Amino acid sequence: MADKILKELTIKVWRQKNAKAQGKFETYKINDISTGTSFLEMLDILNEELINGGTEPIAFDHDCREGICGMCSLFIDGRAHGPDDDITTCQLHMRKFEDGATITIEPWRAGAFPVIKDLIVDRTAFEKILQAGGYISVNTGGVPDGNAIPISQDDAEEAMDAAACIGCGACVATCKNSSAMLFVSAKVSHLAKLPQGRIEAARRAKSMVAKMDEMGFGNCTNTGACEVECPKGISIANIARLNREFLVAKIKD
Amino acid sequence: MTVLNSKIPAGPLAEKWSNHKAAIKVVSPANKRKLDIIVVGTGLAGGSAAASMAEMGYNVKAFCYQDSGRRAHSIAAQGGINAAKNYQNDNDSVHRLFYDTIKGGDYRAREANVHRLAEVSGDIIDQCVAQGVPFAREYGGTLSNRSFGGVLVSRTFYARGQTGQQLLLGCYASMNRMIGQGKIEMHERNELLDIVIIEGKARGIITRNLVTGEIERHSAHAVVIATGGYGNVFFLSTNAMGCNGGAAWQAYKNGACFANPCYVQIHPTCIPIHGEQQSKLTLMSESLRNDGRVWTPKKKEDAIKLQKGQITANDIAEEDRDFYLERRYPSYGNLVPRDVASRAAKERCDEGFGVNETGKAVYLDFKYSIERLGKDVIEARYGNLFQMYEKITASNPYELPMQIYPAIHYTMGGIWVDYNLMTNVPGLFAIGEANFSDHGANRLGASALMQGLADGYFVLPYTIGDYLADEIQVPRIDVNHQEFIKKEKAVTDRMTRLYNIKGTKSVDSFHKRLGHIMWEYVGMARNEDGLKLAIKEIQTLREDFYKDLRVPGDYDAMNIELEKAGRVEDFIDLGELMARDALDRKESCGGHYREESTTEDGEAKRDDQNFTYVSAWEYQGEGKAPVLNKEELVFENVKLTQRSYK
Ligand SMILES: Cc1cc2nc3c(=O)[nH]c(=O)nc-3n(C[C@H](O)[C@H](O)[C@H](O)COP(=O)(O)OP(=O)(O)OC[C@H]3O[C@@H](n4cnc5c(N)ncnc54)[C@H](O)[C@@H]3O)c2cc1C
Ligand code: SF4
Ligand code: FES
């Protein structure tokens, strides 16, 4: 489809020098953006203009630009990953915007994800949760043949659905309680669905939930907002599974 | 000149690795606890190595530039991972995988390394399954396989179109377990900028903390580089934005040889460039060529109308379509290897038959397979890829053919290593895409993931012991040693120099200029005049860079422009070395195509008489020409033949 040119856009973006500084919105104009341009390329172009004008460019996280590494974030016009469904910010294209539009860009907002600079936040709280139990305890070597444990296609597919989480944090940013339940439940479900992971399922759920609480994420009140904005379609059915595993662990205590 | 010893063990090919393992030294558990290892990079290679070595008892310090180890670019691999399991009973074997890889690499890799890779490939799958990688399964519950380009068996394991992601999350989970137990010290957003050598041995690294801007010193008994490939020399590629050659380049500047820098893989099926302002190219999986037919118009006037947007592909009559791959390569057709398909697309576009407004695109058409198999079948096979294509291009591939064009994808060249994966600098190791070892002049699909995990799970954890066994008396390395102080100062000087140029042009503007030079002269087709010109132009670019670079923001804080400036500085030097290497290699082989070395009908022509060697370049100091060392390749088990896909 032929691309059009967006003659003028107004970009209202959160700027914050560092974690301690007070942030505020700055407004920039940008002209002649092709609708075939990706959203992050639009920011690249804006940054090039800022640099040429002697201003420090806007800092934002990104890497693969293919929707798989989970590094890009951004709250765009009030939506995590912007105004399109089932995609990450790096997959968003400018054809989703009208000429003359004002676009508001903010970082993820959550107590557990403090701002580092501009649009970049610190998501190490996610790492800590995974380090507490998001694995199967096997060492390298000495494992059985790959075909020794048959796994039904349905179970493998369901595990894969949950394992597709990219750890972006959109669920936390979207949730009014800043809960990390969707993220945690995705990992717990992925591993609990497989026979190799079943063995430690209860213990895993318990330690990950404990760490999640410790890191300052909020409670889940089942609003379902996270599921809507998750770029990978992680289902809130996983949260129900996590709750079941957690209950089992508690009963065992 | 350095004498390179590849340390390939003696004995029959199939016994080399077992004999070698039996012969090398082992470190006791009590001593492992006293030894520190730095692993730079948390992709499949670095992540698997860090986890395995920590499990064995070593103290590991791991580094990555992203905010999480899980985001290494291995995450983006789509297609799959090879292993000689012979689960399909199609007569696959270690020897067949070995042979396919040697041949696919156009006979420019070491037999012994490749055979070892094939030997350990099966263990990788077992390991990943044990970690909970949700590979695709058959109804009976066994593992499923698909086939990939350049081979006759089905040996590729996959997890939907997200194999790299799932494999990486597997070794990242193992890393997390070790981080939780305090056996791995993880440093995210931390970039290697130099390597510390004390009395000839690698003893540590200097990094920049990307959050605070602080320069840090980290010490260890051995340093492992697992920082991936350098395809971003070309600015536009399928690599992630942060992928860089910096760590490999610092290894080179500290004495490690850089091998075969000119071997670059160009992937034929990527989404074409849409304009000057593009930052990144997206890969469309190789698997699409199984059901898509590649074509351009036969008539120039049709091409011109397509370029002007006056007609669409569907307006072109059947008899006016040129299925040029089927025409030129009747036996392999649309499934010729990557290098051949890429060159053929370029040839058509250079002749003026390109199909989009830039003239740099060809069609990949699913109309015929939809007619043959039905839309449902095609949707089941490629639905997610079609959707991704439509999101990016706003064009529906069920109705109009996809537009594709080749793009830089992978670098076969890298840091020279011996059979133990150690560079010629003692204590400095290189694994994964960062080393040069297993793919020769061209990599087969689904073999990079295999190599990264082979290196990290099953090779390095053994071979590093052979080196460290002699280091057990060495106490923890002191970061206040004068070499650390010296190197830290060198890094500070380097970064402040870049910061203080205070010119007028952004880092990206220089990177784009470099990319243009590289793509034009050191890309898909190379010749002597072009390569010489490239070297000159890169030298001019370097002068301009040091005169006119602008790095805004604060020096001692998070500064993304400063990060990029360091990377581009290294890319400029690396680009020049690539051109030099391409100039030296007067033959065509694999991804390296010299226009002077072709057959009568324009196919690549290897010159085994004169070029059956690994080029290992050795740094001689700033502004001095590097020295070329040659490691002769010896083939005792395969017969060298000219590849033909006609
Ligand atoms: C789009 C795409 C699809 C692919 N599909 C396939 C496929 O289907 N099958 C296949 O076999 N191969 C595929 N490949 C190739 C394969 O994915 C890579 O070759 C492989 O994953 C590289 O792994 P690695 O561990 O060597 O490096 P990477 O995964 O790139 O990891 C590099 C690591 O080093 C770190 N790092 C880099 N520089 C520095 C520095 N200076 N300081 C500190 N840390 C640093 C990074 O943070 C990262 O952690 C694909 C490649 C691409 C780009
Ligand atoms: S659950 Fe979805 S939104 Fe949350 S981190 Fe994972 S991919 Fe992102
Ligand atoms: S940049 Fe990797 S998911 Fe967006």
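The values are calculated or read from the model by the stated rules, or taken from the named source; none is laboratory data. If you're wondering where the values come from, they're calculated on a predicted model, not measured in any experiment. Note: ideal-geometry Cβ built from the backbone for every residue, glycine included; neighbour counts use all protein chains shown. Surface accessibility is based on the protein's heavy atoms, side chains included, excluding ligands, DNA and RNA. Shrake-Rupley method; radii C 1.70, N 1.55, O 1.52, S 1.80 Å.
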Measure of size requested: the Rg and Dmax of the range A:124-252, with Cα atoms as the atom set and Å as the unit; please supply both.
-> 14.6, 46
Under 5 Å, built H, 5+ apart or other chain: amide partners of B:Gly503 | B:Leu549, B:Arg550, B:Val551
Accessible area per residue in Å² at 1.4 Å probe, computed on the protein assembly as shown | 35
Total formal charge among the other residues, if their Cβ is under 9 angstrom from that of B:Glu488, Lys/Arg +1 and Asp/Glu -1 = +2
Calculated FRET efficiency, B:Asn527 and B:Ser28, Cβ-Cβ r, R0 41 Å, to nearest 0.05?
-> 0.15
Sparse-neighbourhood loop hits (trypsin sites (Lys or Arg not before Pro), the range B:561-604; DSSP loop; Cβ within 10 Å at most 16 others) -> B:Lys586
Mean shadow of chain A, computed from the convex hull of its alpha carbons, in nm²?
-> 16.6
Over the whole of B:552-559, what's the average partner chain Cβ count within 10 Å per residue? Rounded to a whole number, please.
-> 4
Order of B:201-212, B:46-57 by packing, highest average Cβ count within 10 Å first?
-> B:46-57, B:201-212
Name all residues of the range A:1-41 having a backbone nitrogen under 17 Å from the label point set 7 Å from the Cα of A:Glu98 along its Cα→Cβ direction, giving them as ranges.
-> A:4-11, A:35
Report the label-to-label distance for A:Lys29 and B:Asn500 in nanometres (one decimal), using points 7 Å from each Cα along the Cα→Cβ vector.
-> 3.9
Test item: A:43-49 mean partner chain Cβ contacts at 10 Å = 3
For the range B:302-316, take each phi angle, set θ = phi - 60°, evaluate the Karplus expression 6.51 cos²θ - 1.76 cosθ + 1.60, and give the result in whole Hz per residue in order, putting x for glycine and proline.
-> 5, 4, 5, 5, 5, 5, 8, x, 7, 9, 10, 3, 5, 7, 8
Going residue by residue through the range A:32-42, the Karplus relation 6.51 cos²θ - 1.76 cosθ + 1.60 with θ = phi - 60° gives ³J(HN,Hα) values, rounded to whole Hz and with x marking Gly or Pro, of 6, 9, 6, 5, x, 6, 7, 4, 6, 5, 4
Take the alpha carbon atoms of chain B, find their radius of gyration, then divide it by 2.2 N^0.38 Å using N residues; give the quotient.
-> 0.94
Beyond 15 Å, what share of the Cα-Cα pairs of the range B:356-413 is found? Please give it as a whole percent.
-> 57
Within-12-Å neighbourhood charge of B:Leu44 [Cβ basis; K, R +1; D, E -1] = -1
Cα-based Rg (one decimal) and Dmax (whole number) for the range B:268-408, in Å?
-> 14.0, 40
Largest-first principal axis extents, alpha carbons of the protein assembly as shown, Å = 76, 68, 65
Hey, what's the per residue convex hull volume over the C-alpha atoms of the range B:47-99, in cubic angstrom?
-> 144
Label-to-label distance, nm, for residues given as B:Ile311 and B:Lys299 (7 Å Cα→Cβ offset) = 0.6
List the trypsin sites (Lys or Arg not before Pro) within the range B:385-478 that fall in a DSSP loop (any state other than H, G, I, E or B) and whose Cβ has at most 15 other Cβ atoms within 10 Å.
-> B:Arg476
Per the rule of 0.36 nm per residue minus the C-alpha distance, extending A:Lys12 to A:Lys176 adds in nm 56.8 nm
Partner shielding of B:122-130, as the mean number of partner chain Cβ atoms within 10 Å, equals 6
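Keeping all protein chains in place and using 1.4 angstrom, which order do B:Leu583, B:Leu421 fall into by accessible surface area, from largest down?
Heavy-atom accessible area, descending, gives B:Leu583, B:Leu421.
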Long-range amide H partners of B:Val224 with built H, under 5 Å = B:Ile38, B:Val39, B:Val40, B:Phe429
Amide H contacts under 5 Å for A:Ile116, placed H, 5+ residues apart | A:Val121, A:Asp122
Theoretical gain in end-to-end length, B:Glu595 to B:Asp556 [0.36 nm per residue, Cα-Cα removed] | 9.2 nm
Can you grab the distance from the C-alpha centre of the range B:166-233 to the C-alpha centre of the range B:47-116, Å, no decimals?
-> 19
Using per-residue counts of other Cβ atoms within 10 Å, averaged over each peptide, order B:252-263, A:20-31 from highest down.
-> B:252-263, A:20-31
At A:Asn52 and B:Ala14, where each label point lies 7 Å from the Cα along Cα→Cβ, what is the point-to-point distance in nanometres?
-> 6.5
Using packing as a proxy for protection, rank B:533-540, B:100-107, B:18-25 so that the peptide with the highest average count of other Cβ atoms within 10 Å comes first.
-> B:100-107, B:533-540, B:18-25
The range A:5-106, Kirkwood Rh and Cα Rg, ratio Rg/Rh at 0.94
So, with a 1.4 angstrom probe, what is the percent of accessible area on chain B that is carbon and sulfur?
-> 48
If all Cα-Cα distances of the range B:187-238 are sorted into 5 Å bins from 0 onward, what percent lands in each bin, rounded to whole numbers?
-> 5, 17, 22, 18, 18, 13, 6, 1
Average projected area [Cα convex hull, the range B:482-609], square nanometres | 10.3
